[in-house]
1. How far, in nm, would the chain grow between residue B:250 and residue B:303 when pulled straight, counting 0.36 nm per residue and subtracting the alpha carbon separation?
2. Suppose only helical runs count, i.e. DSSP H with n ≥ 4. What mean residue ellipticity at 222 nm does that imply for chain A under -39500 (n - 2.57) per run, divided by all residues and rounded to the nearest 500 deg cm²/dmol?
3. Taking the Cα-to-Cβ direction at residue A:69 and at residue A:206 and moving 7 Å from each Cα, how far apart do the two end points lie in nm?
4. Could you order the peptides A:200-208, B:228-236, B:175-183 from most to least packed, using the average number of other C-beta atoms within 10 Å per residue?
5. Give the carbon-plus-sulfur fraction of the accessible surface of chain B in %, rounded to a whole number; probe 1.4 Å, heavy atoms of protein chains only.
6. Give the residue from B:195, B:155, B:242 lying farthest towards the positive end of the charge dipole for the range B:124-261; charges sit on Cβ (+1 for Lys and Arg, -1 for Asp and Glu) and the dipole is referred to the Cα centre.
7. Less than 13 Å Cβ to Cβ from residue B:172, Lys/Arg counted +1 and Asp/Glu -1: what total charge do the surrounding residues give?
8. If you find the alpha carbon centre of the range B:240-313 and of the range B:97-117, how far apart are they in angstrom?
There are 2 protein chains.
Amino acid sequence: MITIGLDMMGGDFAPLEAVKGAAAFFAENHTTVQLALIGDEEKITPLLATYSLPATQYHIVHAPQVIEMHEHPTKALKEKQQSSIAIGFHLLASGKIDAFISAGNTGAMMVGALFSIKTIEGVLRPTIGAYMPRENGSLGLLVDVGLNADCKPENLNQFAVLGSLFAEHVLKIKHPKTGLVNLGEEEGKGNILAQATYPLLNENKHINFIGNIEGRDILIDKSDVMVCEGFTGNVVLKLAESVYDIVKRRNITDEHFERFNFETYGGVPVLGVAKPVIIGHGISGTTAFKNMINIAQRMIEVDLTEKIKESFK
Amino acid sequence: MITIGLDMMGGDFAPLEAVKGAAAFFAENHTTVQLALIGDEEKITPLLATYSLPATQYHIVHAPQVIEMHEHPTKALKEKQQSSIAIGFHLLASGKIDAFISAGNTGAMMVGALFSIKTIEGVLRPTIGAYMPRENGSLGLLVDVGLNADCKPENLNQFAVLGSLFAEHVLKIKHPKTGLVNLGEEEGKGNILAQATYPLLNENKHINFIGNIEGRDILIDKSDVMVCEGFTGNVVLKLAESVYDIVKRRNITDEHFERFNFETYGGVPVLGVAKPVIIGHGISGTTAFKNMINIAQRMIEVDLTEKIKESFK
C-alpha cells in the first residue's frame, strides 16, 4: 500500500474539486493507494460522504490553517505550521506519506519542496517542467518553466537528465528524444548559454540528444524533452496557455486545441528533490486532481526518485 | 519622388512574387514612389510587361548574380559584388535609393545592413522585431527576435526606444505602451537581465513603460511594444508562427488566426541603422512584397531615421 498526501485546501476550487478528483481516481479502481486527505476536517467530511469515497482507502489529517494564494511563501510556511501545506511536507519528510500533492500557493510549495525535502545528491538545482501537447496525442515535457530564471550550462544538462527520466518512466516514452531549445537548428547557434550547453548535452550518455530545436518545434513531436532556462520556458508556457484562451474566446472547437487546456494536466512534479512533490495549477478541477494523483502513484511505483539517484551517482 | 530599391531575386518565389507585389503596390496609386528593381534584367523584363507595371514608376538595375539562401553571408557578399543584395546596399549607401527591401538571404541582409549602412550614433546595437497579431485587429511589435541573442540592460532599453518610435510613426500607435517580457508581473521578478532592465525602462522618458508583461500577454493588446533579448524573442516568434501551421493542418478557419500567417506581413525593418532596410520572409508572396514596399514608403515619409537620431542625441 502506498500513501499519497493530498492538500484538500489548495487551489481556487478547494476542497470540492480535490474531493471530486479523489473520487474520480478511486472510481478507476486503485486499490493499492491510500490517500491522506490533508485539510479542514469539518469542511472535508460532508463532501466525502456526498462523493462516496471508499472508506478504507483514505484518512483525514486535520489541518486547521490554510496558506492563501497571495501570502508570502517563506513567511506563511513559517507562521502557519498547522496549514495543510506545512503539515503535508512534515508528513512527507517523516515518511508518513510517499508523495505530496497541492494546487495551493505555488511559492509555498516550492519553498517546502526545496527546504523540507532534500535535493537529491549531485543535483545542483531541482527543476519544474510543463507538458506540451502534440498533434499525435502525446505529451512533451518542457523544462525549466520558471523555477530557475538564470542557469548555467551544467543546470540545463541536469534538467535534460531529470526530464528524460520523468519522460521515460512516468510518461512511458522509450528513449525520449531530448532537444535544446534554441534560435536555430545548427550546432553553434544560440546565445552564450545555449552554445555552451550543446556540447554537454551532446556528450551526455544519460540522454538521447537530438540537437537544437526551435520555437516552431515545441508544439510538434520533434523531441520529447525540451530543455531551456526557466525564463524562456516560462514565457513559452504562458504563451501556449494563452493560445487556449484565444481558441475559447473565438468559439473554436478542436480536439487538439482542447489539449492546450493546461488545467486538465493538473500539475507537474518538482524534479530533483528526494521525494515526489507535485505542484498543481491554482485553477485545478476534478480531472487535474485525478491526474495528479495518478502521476504521483506512477512516480512512486516506478521509484523515480531512486532512478534519479542512480543517474546522479 | 522617393526611390525604393527592391531585390527582385530574393525569396523562394522570386522574381515572380516580387513583380506581382510591385504591381499590387502601384495598383493602389503610389505616384510619389519610384521603384528600383534590382535583379536579372532578362528574367524580370518579360514579367513586368505581363503584370503591367507603370513604365514611369520603375527602372531596372541589372544584377547578374544572386546570393542563394544557403550561402555564407559574409563570404557571399564579398565574392558576389554583382549580386542583387550587394548592389542594393551599394545603391542605398550612395544615396541612389532611399530604402532597400529584400526577401533573400537573411544573414547577408543583416551583414549588409550592419556593415554597408552605419549604425545611428548612440545606438549600441540595431535590432529586428516581429509583429504580433492581436484580437482587436492591431499589431504589436516584439523586439528583439533573434539579432541579439545575448543582451545587456542598456540594449533592451534601446530596443524599447527603437520599437516605440517604429510603433508610433509607422504603425501609427499614439504613445505606444511598452512592456518588458518577463516571467511575472511584479517589479523585481525575472532573471538578472530583466531585473536590471526594469528600472532603466521605468526611468526612460522616451517610452510609455507599463511594466512587466508575461507570455500570456504577448498575443493580447496589453502592450504595443514588447521588449526582450533575441533568444526568447526568437523562440516566441517561431512558436507563434507554428500556431498558424497547426490551425491550417486542422482545417480551422478563423479570421484572427489568419493573421498568424506571418508571411503576409512581409518583413520588418532593421531598427537602428542609418537608412531604411527591410528584411523579408523567404517565403514572401505578393501581399508580403506589397506590404514591405508600403512600410518602406512610410518609413521614408515620416523620416523614421531622423526621429531615431533625435532620440539618441
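1. Values: separation 53, 0.36 × 53 = 19.08 nm, distance 4.31 nm.
Full extension of this stretch gives 14.8 nm more.
2. Working: 11 runs with 126 residues, N = 313.
Calculated mean residue ellipticity at 222 nm is -12500 deg cm²/dmol.
3. In this crude label model, residue A:69 to residue A:206 measures out at 3.6 nm.
4. Numbers: A:200-208: 15.7, B:228-236: 28.3, B:175-183: 23.9.
Answer by packing, highest mean first, reads B:228-236, B:175-183, A:200-208.
5. Working: 6180 of 12300 Å².
Percent of accessible area from carbon and sulfur atoms in chain B: 50.
6. The residue sitting farthest along the positive end of the dipole is B:242.
7. Details: positive: B:174, B:298; negative: B:168, B:224, B:301.
Summing Lys and Arg as +1 and Asp and Glu as -1 gives -1.
8. Centre-to-centre (Cα) distance: 15 Å.
The values are calculated or read from the model by the stated rules, or taken from the named source; none is laboratory data. For clarity, every value in this text was computed on a predicted model and none was experimentally measured. Cβ coordinates were reconstructed from backbone atoms using ideal geometry, including for glycine residues, and neighbour counts include every protein chain displayed. When the accessible area is computed, the model is the full protein with side chains, heavy atoms only, and any ligands, DNA or RNA have been set aside. Shrake-Rupley method; radii C 1.70, N 1.55, O 1.52, S 1.80 Å.
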